[in-house]
Every structure is written in C-alpha cells, then in structure tokens.
1. Which ordering of MET1, MET59 is given by a fewest-first count of other beta-carbon atoms within 10 Å?
2. Ranking VAL49, VAL9 by Cβ neighbours within 10 Å, fewest first, what do you get?
3. Got a sec? How would LEU25, LEU66 order by Cβ neighbour count within 10 Å, fewest to most?
4. Do any GluC sites (Glu not before Pro) in the chain lie in a DSSP loop with no more than 10 other beta carbon atoms within 10 Å, and if so, which?
5. Label the chain by shape, choosing from rounded, prolate and oblate, from the square roots a ≥ b ≥ c of the eigenvalues of the Cα gyration tensor; if a/c is under 1.5 it is rounded, and otherwise prolate applies when a/b is larger than b/c, oblate when it is not.
6. Rounded to the nearest 500, what is the chain's calculated 222 nm mean residue ellipticity when only DSSP H runs of at least 4 contribute -39500 (n - 2.57) each, over all residues?
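Just so it is clear, none of the values below were taken in a lab; they were calculated from the coordinates. On a predicted model such as this, the values are computed, not experimentally measured, just so you know. Every residue, glycine as well, gets a Cβ built from its backbone with ideal geometry; the counts of neighbours run over all protein chains shown.
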Amino acid sequence: MTHSCFCAVQRPADHPARPADFQPLDTFWQHRGYHKCADLTTTFSWKEVGESEESAKPMTFWMKALT
C-alpha cells in the first residue's frame, strides 16, 4: 500500500445544514500530510434530513503518500 485516500462532501457556504460556527477541516488534514485533489471528484447520493428523496452530493478526495 502506497497511499491513503478519503473523500468528503462539499457543501456551499450557505447550506442550511452547515452550523453557524462551522470551521473547515482542511488545515487539520493538511497537517496530517493529506492534500486535496481538486481534479478528482465524484458524487454520492443519499436522502438528507429535510429532503423527500435522495440527491447527488459532490465529494472531493484527499490523498497522502504513505512512508
């Protein structure tokens, strides 16, 4: 195994589920050696609280090389 990867949902700044005191975790992950792969994205569908049916959510990948 040479790399570790995860993906996280991307929400707009005005998303109703975003807490007023929201702090992005980008710095947290960067300090752990991950970098955001802006050109590597996907979508994942689920039914969010308040939605009547599933909808696709954009997901961004983070990756780091393992030593």
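1. Listing MET1, MET59 from fewest to most nearby Cβ atoms yields MET1, MET59.
2. Details: VAL49 6, VAL9 13.
Lowest count first: VAL49, VAL9.
3. By the 10 Å Cβ count, ascending, the order reads LEU66, LEU25.
4. Numbers: sites: GLU48, GLU51, GLU53, GLU54; in loops: GLU48, GLU51, GLU53, GLU54.
Those satisfying the criteria are GLU51, GLU53.
5. On the way: a/c = 3.00, a/b = 1.62, b/c = 1.85.
Cα axes put the chain in the oblate bin.
6. -2000 deg cm²/dmol
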